[in-house]
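Asker: One structure coming up, written as structure tokens, with questions to follow.
The values are calculated or read from the model by the stated rules, or taken from the named source; none is laboratory data. In this text, all values refer to a predicted model and were calculated from it rather than measured experimentally. Glycine also receives a Cβ, built like all others from the backbone with ideal geometry; neighbour counts cover every protein chain displayed. Accessible surface is based on the protein model in full, side chains and every heavy atom, while ligands, DNA and RNA are left aside. Shrake-Rupley method; radii C 1.70, N 1.55, O 1.52, S 1.80 Å.
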Amino acid sequence: KKVPRRKTMGASASKIKFRESLTSLISRDVSPDDAEFWDELWKIPSSAEEVFELLTPANARRLRDERFDNLATLFTQATAQLCQIVETPYTIYFDQALNCVRVLTRILPFLLEKGDLGDNDPNVEALCWGSGAADGTKGRGKGRKRGDSR
């Protein structure tokens with residue numbers, strides 16, 4: 001029995017919009033306060049294959065190495081979206097949750113790979129294990145150890 005596939009962006013305008021959003025993230029600084037940009041990004045329908053196709057390893061590394069603030073915002077926005085969806089689990093938000101999970105699944109290995117190579121990145125440490133309070137380092141949080149429940 002054939003399982004019906006979810007409707008995804010295919011070769012549509014949505015795929016073009018997702019590609020444009022990724023290009024913006026890689027090529028220019030996108031403000032964390034640009035609600036229109038970030039809200040639109042999560043609402044673009046996408047499949048895991050499309051996210052992996054459009055967010056190539058080279059682009060993920062460029063984002064990490066050249067536009068870390070954009071990558072940090074992408075990470076925190078996706079995480080915040082998921083937390084919000086957990087708090088208000090309405091079915092209309094489930095596709096957004098899937099988009100967040102797909103993007104996180106794609107970027108996390110590249111975000112963490114320097115640490116796997118023995119070269120800890122203080123930006124990644126602050127992003128993943130920090131408190132989230134501004135400390136003057138481009139808006140990223142102060143570091144804290146895992147398990148610290150401040």
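Asker: Kindly provide the trypsin sites (Lys or Arg not before Pro) of the stretch 33-124 that DSSP labels as loop, not H, G, I, E or B, and whose Cβ sees at most 14 other Cβ atoms within 10 Å.
Answerer: Those that pass, being in a loop and sparsely packed, number zero.
Asker: Calculate the spin-label point distance for D69 paired with E53, positioning each point 7 Å from the Cα along the beta-carbon direction, and give it in nanometres.
Answerer: Placing both labels 7 Å beyond Cα along the Cβ direction yields 3.3 nm.
Asker: Kindly report the accessible area of the stretch 58-97 per residue (heavy atoms of protein chains, probe 1.4 Å, no ligands, DNA or RNA), in Å².
Answerer: Heavy-atom accessible area per residue stands at 57 Å².
Asker: Now a separate question. Quick one: which residues, 5+ away or cross-chain, put their amide H under 5 Å from the amide H of G130? H built at 1.01 Å from N.
Answerer: It is R144, by chain and number.
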